[in-house]
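Contents: one structure, followed by commentary.
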Amino acid sequence: MMDQAENLRKKLNGQISKMMTKAIAVVSGKGGVGKSNFSLNFSISLSKKGYRILIIDMDVGMGNLDILMGRSSDKTIVDFLNGSSSLKDIIMDGPAGIKYISGGSGLSKLVSTYRLASITEELDACFEEFDYIIFDMGAGVNEDTLKFLLSVHEVFVITTPEPTSLMDAYSIMKYIHVLQPELPFYIVANRVNSMKEGQETISRLSNVLKKFLDRESTNLGILPDDRSVSQAVRQQIPFTLFNSKSSISIALEDLVTRYIQQKTKEMPSYTPISFVSKLRRFFFER
Ligand SMILES: Nc1ncnc2c1ncn2[C@@H]1O[C@H](COP(=O)(O)OP(=O)(O)OP(=O)(O)O)[C@@H](O)[C@H]1O
Ligand SMILES: [Mg+2]
């Protein structure tokens, strides 16, 4: 049976095939605010709409994407970076047609320049098979993640209404802004108790950005605090698949629909540099 996603993919093909692979990093300042759950379910929702999605767990050492989807991988991004596996070997099948790369652990600090050159070559060939590559980042930033972030096309910042989370979200955005003022920011307010609280969370952050950095940001959406998330996590089923009628699944679906509509509108004039070219430039032309 040809699945629904495949049908949709075919229908959408005319439009999607013209699109360059878009790289999105999902970040937060504070940890545990819902990045991985968001990244995974956002990816699944896009995939169901016919987009080809690769999600990469960038939280090397603490990665848990595969746990969230009840899978386990014997090959991880670490095997690729240290040269023991090819990129194709570490790309696994996830739910709802998504592909994923697991985070793994034990990456030695230095990846040789020689290895880096072949890494970017492999990435070039492989990444163009996807419409979106979603990087689920670890909490906070270090110098390396920060530089890596400069290669993506969009940064999604997840925050909760807690002042500590907002403060840390602002800090990471400030860091990114200083290095790359052009990189678009999309804000998600997660775990809100009401729409009002969500709107306040988004405006608080966007107002501070405007005031101190003279920086615009886009409201990507508001997601409720919903106990079905932790139930889904415990059962190792992504929350949109666990219960597609839960308030969080409905809110996420709405967020994705609006995101896609917005992208479709901006597509004609949008000619970004490919993620891998940017990555290469960052590694080799410093
Ligand atoms: N919208 C939500 N409603 C209720 N609980 C949530 C929601 N989002 C996240 N959680 C809870 O927060 C926990 C952490 O979520 P998640 O692992 O996605 O965060 P994270 O930002 O990726 O964490 P880390 O910084 O450790 O990578 C989940 O296991 C779940 O219990
Ligand atoms: Mg995480």
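Residues that are crowded, with 17+ Cβ neighbours inside 10 Å and more than 9 Å from ligand 1 (Cβ to nearest atom) do not occur anywhere in segment 230-237.
Evaluate the following for residue 92: is it within 16 Å of ligand 1 (Cβ to nearest atom) and either free of Cβ contacts under 8 Å to residues at least 40 places away in the same chain or surrounded by fewer than 22 Cβ atoms within 10 Å (Cβ to Cβ) (or both)? Before the answer, list the steps.
Numbers: within 16 Å of ligand 1 (Cβ to nearest atom): no; either free of Cβ contacts under 8 Å to residues at least 40 places away in the same chain or surrounded by fewer than 22 Cβ atoms within 10 Å (Cβ to Cβ) (or both): yes.
The answer is no for residue 92.
Output yes when any residue across segment 192-201 is closer than 22 Å to residue 65 by Cα, charged (D, E, K, R) and loosely packed, with under 13 Cβ neighbours inside 10 Å, and no when none is. No - not one qualifying residue is present in segment 192-201. Does segment 135-152 contain at least one residue that is among the acidic types (Asp, Glu), out of contact with any Pro (no Cβ under 7 Å at 6 or more places or on another chain) and surrounded by 14 or more Cβ atoms within 10 Å (Cβ to Cβ)? Looking through segment 135-152, at least one residue is among the acidic types (Asp, Glu), out of contact with any Pro (no Cβ under 7 Å at 6 or more places or on another chain) and surrounded by 14 or more Cβ atoms within 10 Å (Cβ to Cβ). Within segment 129-156, residues that are on the phi > 0 side of the Ramachandran plot have Cβ atoms under 9 Å from residues that are crowded, with 18+ Cβ neighbours inside 10 Å and modelled with pLDDT of 85 or more in these pairs: 140/27; 140/28; 140/29; 140/30; 140/168; 140/172, counting only partners at least 6 apart in sequence or on another chain.
Only residues that are under 19 Å from residue 104 (Cβ atoms), more than 11 Å from ligand 1 (Cβ to nearest atom) and not in a loop (DSSP other than H, G, I, E, B) were counted across segment 44-81, and they come to 9. Residue 122 meets each of the listed conditions (1) on the phi < 0 side of the Ramachandran plot; (2) part of a helix (DSSP H, G or I); (3) modelled with pLDDT of 85 or more apart from (3). For segment 25-36, state whether one or more residues are buried (at least 23 other Cβ atoms within 10 Å of the Cβ), in contact (Cβ under 8 Å) with a residue 24 or more places away in the chain and more than 12 Å from ligand 2 (Cβ to nearest atom). Taking every residue of segment 25-36 in turn, at least one turns out to be buried (at least 23 other Cβ atoms within 10 Å of the Cβ), in contact (Cβ under 8 Å) with a residue 24 or more places away in the chain and more than 12 Å from ligand 2 (Cβ to nearest atom). Quick check: is even one residue across segment 9-25 modelled with pLDDT under 90 and within 30 Å of residue 167 (Cβ to Cβ)? No, because not a single residue in segment 9-25 is modelled with pLDDT under 90 and within 30 Å of residue 167 (Cβ to Cβ). Restricting attention to segment 174-201, the residues that are within 16 Å of ligand 1 (Cβ to nearest atom) and under 19 Å from the mean Cα position of the chain (by Cα) total 6. Pairs linking a residue in segment 53-77 that is free of Cβ contacts under 8 Å to residues at least 40 places away in the same chain and under 21 Å from residue 235 (Cα atoms) to a residue that is assigned to a loop (DSSP other than H, G, I, E, B) and within 12 Å of ligand 2 (Cβ to nearest atom), with Cβ atoms under 9 Å and 6 or more positions apart or on different chains, are 64/103; 66/103. Applying the set (1) under 16 Å from the mean Cα position of the chain (by Cα); (2) at pLDDT below 85 to residue 47 leaves exactly one unmet item: (2). Residues in segment 175-197 that are within 25 Å of residue 153 (Cβ to Cβ) and in a helix (DSSP H, G or I): 5 in all.
The values are calculated or read from the model by the stated rules, or taken from the named source; none is laboratory data. Nothing here was measured: the structure is a model prediction, and the numbers come from that model. Don't worry about glycine lacking a Cβ; one is built from the backbone with ideal geometry, like all the others, and counts go over all protein chains shown.
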